[in-house]
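Each remark here refers to the structure printed beneath this line.
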Amino acid sequence: MNVLAIDASTDILSVALMKDSGWSEASLDLGLRHAERIIELADSCLARSLTLRSELGLVACARGPGSFTGLRIGMAASKGIAAGLAIPWISVPTLDALAWGYDCFDGAVAPIIDGRKGRVYSAVYLRGRRATDWLDIPLDKLAALLDTYPKALATGPDAELFRGYALERSGFWVDERARTPAARAIAALGLIAFREGGPGKTDEGPLYLRPSEAEEPAS
């Protein structure tokens, strides 16, 4: 099945096309104001892989947490593409996608998204499985939580916020490739979720961890 995946939940906008024959990806690391360029990136992925829209079988997108505006735009675009092509769509928790591929790390993995106002969105993953609730938490409290694990790795687009804490602690690291676009993971996880539980509901909304009016106007 050909899967088109969209992630507009953070300031790294990314789109990926997963096919049996390989991948096509496009991304922009230019801030949340560029989320309106989703269709441009999607068309670029399709063109470079010589794939027609009619050949898509599933659209996947980031569910959140993340930017309130970006999540709404990404989910609306995904639903719109799926509806126009009469194909299913599905959403994937953003933090799950950011933690994807770290199941071999023998410690705690914490993907970090800047929630602004001194807080971050995160969760703790152990061997690829989420071990905590979704967190909207001050960075120092996340550091204290990770202190309870012998090893910890901060990843995700805003992992650099953890750099100071990691330098002070033995066994703590910041992923040097943390700003890798997440759409590829969303495609892979979306296909698994679709095969296990079917498509997303048409009335499904983004995963917010706080009231939407809390988002900074500049986002």
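Name the residues in the range 175-207 that are touching a strand residue (DSSP E or B) at 6+ places or on another chain (Cβ under 7 Å), touching a residue at least 24 places away in the same chain (Cβ under 8 Å) and of a type in the set (D, E, K, R), would you?
184, 204
Looking only at the range 102-147, which residues are charged (D, E, K, R), crowded, with 18+ Cβ neighbours inside 10 Å and in contact (Cβ under 8 Å) with a residue 24 or more places away in the chain?
Quick first cut of the range 102-147, residues charged (D, E, K, R) only: 103, 106, 114, 116-117, 119, 127, 129-130, 133, 136, 140-141, 147.
Then drop every residue that is not crowded, with 18+ Cβ neighbours inside 10 Å, which leaves 114, 119.
Once the filter is applied, which keeps residues that are charged (D, E, K, R), crowded, with 18+ Cβ neighbours inside 10 Å and in contact (Cβ under 8 Å) with a residue 24 or more places away in the chain, the range 102-147 yields only 114.
Can you run down the residue pairs with Cβ atoms below 6 Å, 6 or more apart or on separate chains, where the first is in the range 160-174 and assigned to a loop (DSSP other than H, G, I, E, B) and the partner is surrounded by fewer than 18 Cβ atoms within 10 Å (Cβ to Cβ)?
Pairs that qualify, where the first residue is assigned to a loop (DSSP other than H, G, I, E, B) and the partner is surrounded by fewer than 18 Cβ atoms within 10 Å (Cβ to Cβ), are 171/150; 171/151.
Looking at (1) assigned to a helix (DSSP H, G or I); (2) loosely packed, with under 14 Cβ neighbours inside 10 Å, which is the only condition residue 50 fails?
(1)
Each value in this text was obtained by applying a stated rule to the coordinates, not by laboratory testing. Bear in mind the structure is a predicted one, so any value in this text is a computation, not a measurement. Using ideal geometry, Cβ is built from the backbone for each residue, glycine included, and neighbour counts are taken over all protein chains shown.
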